[in-house]
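Bear in mind that the values in this text are calculations on the coordinates, not laboratory data. Worth saying up front: this structure is predicted, and the values here are computed from it rather than measured. Note: ideal-geometry Cβ built from the backbone for every residue, glycine included; neighbour counts use all protein chains shown.
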Amino acid sequence: MPDHPLSSSPDAVTRILGIESSCDETGVALVETRDQAAPRLLAHALHSQIAMHQAYGGVVPELASRDHIRRVLPLTAQVMREAGHVLADIDVVAYTRGPGLAGALLVGAGVACALGAALGKPVLGVHHLEGHLLSPFLSADPPEFPFVALLVSGGHTQLMRVDGVGQYQLLGETIDDAAGEAFDKSAKLMGLGYPGGPALAKLAEQGDPAAFKLPRPLLHSGDLDFSFAGLKTAVLTQSQRLRQVSDEEFEARKADLAASTQAAIVDVLVKKSLAALETTGLKRLVVAGGVGANKALRAQLNAACANPRRRGGVVRVHYPELHLCTDNGAMIALAAAMRLQSGQQRALPAASFEVKPRWPLDAITVATA
Ligand code: KG4
Ligand code: ZN
């Protein structure tokens, strides 16, 4: 077994299979690297469990784990077929080591390590948020280091200073709910089902964002932290008020409430991102994670960052391709590729494995599988 797949020869091709199973999406992808050239996505496949969890109004961890078991090998076969490769062509098997649901993570880790052992290939555990953070490197307009990253997913809202692969400094984060959670919980209160973010965003298109005055917690706190729990309470109060008038009144004003909720979340995310750019003096912003798919967020960030009168001047904003904003295997294979290329981590034979359901991004350790 090669000790380090990228060190065998300067022009060596390394094919990395990535497996994502941290929550409610099973994602598999094959990425190819040639020495230090930008990694190339050969194929990827995804199965979303949304339909399965919808009946329960949220992710049921045990059902998620069982479904990952059902999906991961057929998706792997599909990826290999679409990439025109066979399993023996894989050089490294990468998987999401954390953070996420313990049982769901164990499925991806177990399959990756079994595959590695069967093929005689090394494996590498990847931090899920690092996958999100690096995912814009697969886009047509990849960023360059250093940059400020706004990580906005269902479980995390963080601003990071990113100086290179593995060089992450936390600038601020949510002290309670994540931005995605604020979308999801508000949507649930409005009866919009799961997952709430896209549903609330769609309804908001027909509403007036100034119709309801909703709180923007910590907007002027002077630091780069976020708080969204109070917003959810305000949405609850407004929903109850409308319902007390009548169900018709609630239905008639729902789009306005959705638009106002989205405006409050987006407003805070934009202002804090701009503050992070000012504090660091950096000229690039990378937006990643599921909430990064939100059109209103993209429009307002683009407008604010393109403003030449902004203190600090114009800023380039980079996003992952829209279909790679939410969880997927491509970002895991990519992060593994970039960690190997940068020498931050080695892929190792998998004698055993562990997952990390809780794992701060700035605590990634070097040279662990
Ligand atoms: O990154 P992700 O797929 O999973 C986690 O790692 O958490 O993010 C999922 C989150 C959910 O909260 C979902 O509602 C939100 O991203 N989301 C959106 C949109 N698409 C996904 N929120 C607002 N607008 C969207 N278009
Ligand atoms: Zn995610």
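Treating only the Cβ atoms of Lys and Arg (+1) and Asp and Glu (-1) as charged, compute the dipole magnitude of the stretch 266-369 about its Cα centre; round to the nearest 20 debye.
460 debye
Find out how many positive minus negative residues lie around His323, taking Lys and Arg as positive, Asp and Glu as negative, among other residues whose Cβ is under 14 Å from that of His323.
-4
Using label points projected 7 Å from each Cα along Cα→Cβ, tell me how many nm separate Ala252 and Ala211, to one decimal.
Those two pseudo-labels are separated by 1.1 nm.
Once the cut-off is 25 Å, how many percent of the Cα-Cα pairs in the stretch 110-258 end up in the long-distance tail?
Beyond 25 Å sits 48 percent of the P(r) for the stretch 110-258.
For a label point 7 angstrom out from the Cα of Val314 toward its Cβ, which stretches of the stretch 245-284 have the backbone nitrogen within less than 20 Å?
274-275, 277-278, 281-284
Provide the gained length on full extension for the span Lys271 to Leu73, in nm with one decimal, where the gain is 0.36 nm per separating residue minus the Cα-Cα distance.
Result for the pair: 67.0 nm of gain on full extension.
How far is helix 247-280 tilted off the main Cα axis of the chain, in degrees rounded to 10, range 0 to 90?
60 degrees
Measure nothing fancy, just the Cα-based angle from helix 329-342's long axis to the longest principal axis of the chain, in degrees from 0 to 90, nearest 10.
Its long axis makes an angle of about 60 degrees.
Of Pro99, Ser139, Gln206, which is farthest towards the positive pole of the chain's charge dipole, taken about the Cα centre with +1 and -1 on the beta-carbons of Lys, Arg and Asp, Glu respectively?
Of the options given, the answer is Gln206.
For a quick check: sort His127, His220 by the number of other beta carbons within 10 angstrom, fewest at the front.
The order, fewest Cβ neighbours first, is His220, His127.
Would you mind checking the stretch 28-44 for residues with the amide N under 16 Å from a putative spin-label position 7 Å along Cα→C-beta of Ala140?
Answer for this model: 41.
At what distance in nm do the modelled label points of Ile175 and Gln244 sit from each other, each positioned 7 Å from its Cα along Cα→Cβ?
If labels sit at Ile175 and Gln244, their model points lie 2.9 nm apart.
Scan the stretch 285-338 for trypsin sites (Lys or Arg not before Pro) in coil per DSSP, keeping those whose Cβ has at most 14 other Cβ atoms within 10 Å, and list them by number.
Arg309, Arg310, Arg311
With only Lys, Arg, Asp and Glu charged, each at its Cβ (+1 for the first two, -1 for the last two), find how big the charge dipole of the stretch 63-173 is about the Cα centre; round to the nearest 20 debye.
With only Lys, Arg, Asp and Glu charged at Cβ, the dipole is about 480 debye.
Rg and Dmax of the chain, using alpha carbons, in Å: what are they?
Rg, Dmax (Cα atoms, Å): 21.0, 72.
In debye, nearest 20, what is the charge dipole magnitude of the chain about its Cα centre with +1 on Lys and Arg Cβ and -1 on Asp and Glu Cβ, if you could check?
About 480 debye.
In the neighborhood of Lys213, defined by Cβ-to-Cβ distances under 15 Å, what is the net charge if each Lys or Arg adds +1 and each Asp or Glu adds -1?
Surrounding charge for Lys213 is 0.
Stretched out fully, how many nm does the piece from Asn307 to Thr279 gain, at 0.36 nm a residue minus the Cα gap?
Using 0.36 nm per residue and subtracting the Cα-Cα distance, I get 8.3 nm.
Quick one: divide the alpha-carbon radius of gyration of the stretch 53-114 by 2.2 N^0.38 Å and tell me what you get.
Here the Cα radius of gyration is 1.28 times the empirical estimate.
Summing -39500 (n - 2.57) over the DSSP H runs of n ≥ 4 in the chain and dividing by its residue number, what mean residue ellipticity at 222 nm do you reach, to the nearest 500 deg cm²/dmol?
-13000 deg cm²/dmol
Based on the Cα coordinates of the stretch 186-289, what is the per residue volume of their convex hull in Å³?
Taking the convex hull of the Cα positions in the stretch 186-289, it is 104 Å³ per residue.
Kirkwood hydrodynamic radius (Cα pairs, Å) of the stretch 272-369?
Roughly 16.2 Å, rounded to one decimal.
Give me the lysines in straight-line cross-link reach of Lys254: C-alpha distance below 22 Å, same-chain residues under 8 apart excluded.
Lys185, Lys188, Lys202, Lys213, Lys232, Lys295
Evaluate the relative contact order of the stretch 86-200 (contact order divided by residue number), counting alpha-carbon pairs under 8 angstrom at least 6 apart; express in whole percent.
This gives 15 percent for the stretch 86-200.
Quote the FRET efficiency, to the nearest 0.05, computed for Ala299 versus Val13 with a Förster distance R0 of 35 Å and r equal to the Cβ-Cβ distance.
E(calc), rounded to 0.05, equals 0.30.
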